[in-house]
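Only the coordinates and a few stated rules stand behind these numbers; no lab work does. Remember, it's a predicted structure, so these values are computed and weren't measured experimentally. Note that we place each Cβ from the backbone using ideal geometry, even for glycine, and neighbour counts take in every protein chain shown.
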Amino acid sequence: MKFFIDTANLDEIKEASELGFLDGVTTNPTLLSREVERTGMDPNDVLKKICEMVEGPISAEVVSLEVDGMVKEAEKLSTIAKNICIKVPMTKNGVKATRTITEKETMVNMTLIFSVNQALLAAKAGATFVSPFIGRLDDIAHIGIDLVSDIMDVFENYAFPTEVIVASIRHPLHVVEAALIGAHIATIPFKVIEKMFKHPLTDIGIERFLADWKKIANK
Ligand code: E4P
């Protein structure tokens, strides 16, 4: 299972990359605008910096809703670095643009996937990745992970090379659910990565071992 981080925050990316298991990064216009406001940097410079910090795919999202606009934005974004992956929204135009962008050997992450049919259309269009948003489905009382499971089954039925990025992850249980069904990738916010390390018994265990060791170390 690959781990991406779902943020554009350069400090978070640096800290997560130092953990040694980061396989990629996903950004979106909300996350990128947050980092631009925080740092005062140009959006493309933020993306460039991320691409230098992490070797794997770095998703950068187009904001145009027209095919030509999406393709033009993709061309510009892909000059930032070789590992830029163009994030395209799941629309009819997005599907058309995906075909054109992937024909130019650029990776596409088709985003805002909320149904199996949308994932199927993205795979047929040649998307490198699809991003089903499980947290946003949970928010409206649909079980988000069930969608991922169905998409995995369908992709396996037809041996589609498209990889599934479990997105809109809100807590560590989402990561466990994604791993149990064999999802290819989870894109995880920094605060969730931090929570994944935690277990109260680990803390208690360390405390006890150190206390016991101190007893003889002071003798
Ligand atoms: C990632 O590709 C998505 O942009 C992100 O996971 C959305 O998460 P949210 O639903 O918490 O905004």
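Looking only at residues in segment 182-203 that are β-branched (Val, Ile, Thr) and over 22 Å from Lys124 (Cβ atoms), which one is nearest to the chain's Cα centre (by Cα)? Write out each step before concluding.
Taking segment 182-203 first, the residues β-branched (Val, Ile, Thr) are 185, 187-188, 192-193, 202.
So of that shortlist, the ones also over 22 Å from Lys124 (Cβ atoms) come out as 187-188, 192-193, 202.
Numbers: Thr187: 3, Ile188: 6, Val192: 13, Ile193: 12, Thr202: 28 Å.
Here the answer is Thr187.
Restricting attention to segment 4-18, which residues are away from the ligand (no atom under 13 Å from the Cβ) and touching a residue at least 40 places away in the same chain (Cβ under 8 Å)? Quick ask: steps written out before the conclusion?
Initial filter on segment 4-18 (away from the ligand (no atom under 13 Å from the Cβ)): 9-18.
Across segment 4-18, the qualifying residues are Asn9, Leu10, Glu12, Ile13, Glu15, Ala16.
Go through (1) on the phi > 0 side of the Ramachandran plot; (2) more than 16 Å from the ligand (Cβ to nearest atom); (3) within 17 Å of the chain's Cα centre (by Cα) for Ser168 and report which single condition fails.
The failed condition is (2).
For the condition touching an Asp or Glu at 6+ places or on another chain (Cβ under 8 Å) and not basic (Lys, Arg), what is the one hit in Ile165, Ile151, Ile181, Ile169? Break it down into steps so the answer makes sense when it comes.
Working: Ile165 fails: touching an Asp or Glu at 6+ places or on another chain (Cβ under 8 Å); Ile151 fails: touching an Asp or Glu at 6+ places or on another chain (Cβ under 8 Å); Ile181 fails: touching an Asp or Glu at 6+ places or on another chain (Cβ under 8 Å).
Only one candidate passes the filter, namely Ile169.
Does any residue in segment 177-195 that is over 21 Å from Asp146 (Cβ atoms) come within less than 6 Å, Cβ to Cβ, of a residue that is within 13 Å of the ligand (Cβ to nearest atom) six or more places away or on a different chain, and which pairs are these?
Taking only residues 6 or more apart or on different chains, the pairs are Pro189/Asp6; Phe190/Thr7.
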